[in-house]
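Peer 1: Below you'll find the structure I mean.
The values are calculated or read from the model by the stated rules, or taken from the named source; none is laboratory data. Since we're looking at a predicted model, the values are computed, not measured. In this analysis, Cβ positions are derived from the backbone assuming ideal geometry, glycine residues included, and neighbour counts consider all displayed protein chains. Just so you know, the surface numbers come from the protein's heavy atoms only, side chains and all, with ligands and any DNA or RNA stripped out. Shrake-Rupley method; radii C 1.70, N 1.55, O 1.52, S 1.80 Å.
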Amino acid sequence: MHYEYSYNIAQYNSGDFIYEENSTCNSYFQIISGIVKLNNYSEDGKEFIQNIINAPQGFDEVLLFINEKYPTNAVALTDCKIIQISSKEFFKLLAEHPEYAIEINKSLSRRLYYKMIMSQHIFSNDPSMRLKTLMNYFKNIYCIENDLDSEYIIPLTRQQMANLTGLRVETVIRVIKLMEKNNLLRIKKGLIYY
């Protein structure tokens with residue numbers, strides 16, 4: 001059996017919503033280029049970033065399996081080019097190419113692992129533990145396995161790190177400076193090398 005797959009490739013400008021919280025989930029998204037954040041806002045308007053996703057990662061496949069509404073917003077952090085595949089086409093693709101299902105399971109497992117690790121440390125009184133966990137996650141996701149010992153540029157602003165860890169941005173700045181002083185990371189031209 002062979003299927004022809006239909007999909008859309010959409011361009012988003014930085015700041016554009018790809019979808020909004022509580023809208024109906026009916027697509028899988030694969031980033032070709034750019035960076036996307038998944039976020040929520042508290043009742044008082046404070047942003048909480050659930051995840052930041054870079055090319056070539058995909059997102060929202062889990063919702064297709066459970067037929068739920070989007071629990072977050074998806075917002076382009078940079079100009080993005082994204083493939084959008086309908087639910088029907090997504091499941092046809094998995095049926096014909098089960099090797100893609102294995103890759104999707106690996107990706108979901110990484111994200112679940114990160115959420116479990118972050119939940120262990122989110123209430124820690126040690127903000128450096130929260131930040132180390134976050135930086136280790138990004139380094140492990142985006143570095144080649146054999147390259148984990150080399151320095152990695154953390155692709156997050158201090159504000160994004162605060163929003164991902166539940167810390168205040170002032171705390172993130174202070175702790176990062178302390179981590180640099182203790183030779184746990186290096187800062188060069190505002191970038192964090194971890």
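Peer 1: Jot down the per residue volume, in cubic angstrom and as a whole number, of the convex hull over the alpha-carbon atoms of the stretch 50-89.
Peer 2: Spread over its residues, the Cα hull of the stretch 50-89 gives 88 Å³ apiece.
Peer 1: Could you tell me how many degrees, from 0 to 90 and to the nearest 10, lie between the Cα long axis of helix 87-96 and the main elongation axis, the longest principal axis, of the Cα atoms of the chain?
Peer 2: Helix 87-96 sits roughly 80 degrees off the main axis of the chain.
Peer 1: Please enumerate, by chain and number, the aspartates and glutamates with C-alpha under 15 Å from the C-alpha of K92, excluding those fewer than 8 residues away in the same chain.
Peer 2: Of all the aspartates and glutamates, those that pass the test against K92 - Cα under 15 Å, at least 8 places apart if same chain - are E4, E61.
Peer 1: Another question, then. Sequence-distant or interchain residues sharing an amide H contact under 5 Å with I32, placed H: which?
Peer 2: Residues meeting the amide H criterion: K81, I82, I83.
Peer 1: When the accessible area of the chain is computed with all protein chains present and a 1.4 Å probe, what percentage of it is carbon and sulfur?
Peer 2: 53
Peer 1: Please express the Cα-Cα pair-distance distribution P(r) of the stretch 95-179 as a list of whole percents, one per 10 Å bin, running from 0 to the bin with the greatest distance.
Peer 2: In whole percents, the pair-distance histogram is 16, 41, 29, 10, 3, 0.
Peer 1: Using only Cα atoms, find the angle between the long axis of helix 98-121 and the longest principal axis of the chain, and express it within 0 to 90 degrees, rounded to the nearest 10.
Peer 2: Roughly 30 degrees, rounded to the nearest 10.
Peer 1: Can you run phi through the Karplus equation (6.51, -1.76, 1.60; θ = phi - 60°) for the stretch 164-170 and list ³J(HN,Hα) in whole Hz, with x for Gly and Pro?
Peer 2: 7, 9, x, 9, 7, 4, 5
Peer 1: Same structure again: Sort largest first and round to whole Å: the equivalent ellipsoid semi-axes of the chain, each the square root of five times a Cα gyration tensor eigenvalue. List each step's numbers first, then the result.
Peer 2: On the way: eigenvalues 199, 71, 49 Å².
Working from the Cα gyration tensor, I get semi-axes of 32, 19, 16 Å.
Peer 1: Still on this model: Can you give the local net charge around K132? Use residues other than it whose beta-carbon is closer than 11 angstrom to its beta-carbon, Lys and Arg +1, Asp and Glu -1.
Peer 2: Taking every other residue near K132 into account, the sum is +1.
Peer 1: Go through Y100, G58, F138 and say which Cα lies farthest out towards the positive end of the charge dipole of the chain; charges sit on Cβ, +1 for Lys and Arg, -1 for Asp and Glu.
Peer 2: Among Y100, G58, F138, the one farthest towards the positive end of the dipole of the chain is F138.
Peer 1: Which three semi-axes in whole Å describe the equivalent ellipsoid of the stretch 1-86, each the square root of 5 times a Cα gyration tensor eigenvalue, listed largest first?
Peer 2: Values for the stretch 1-86, descending: 23, 16, 10 Å.
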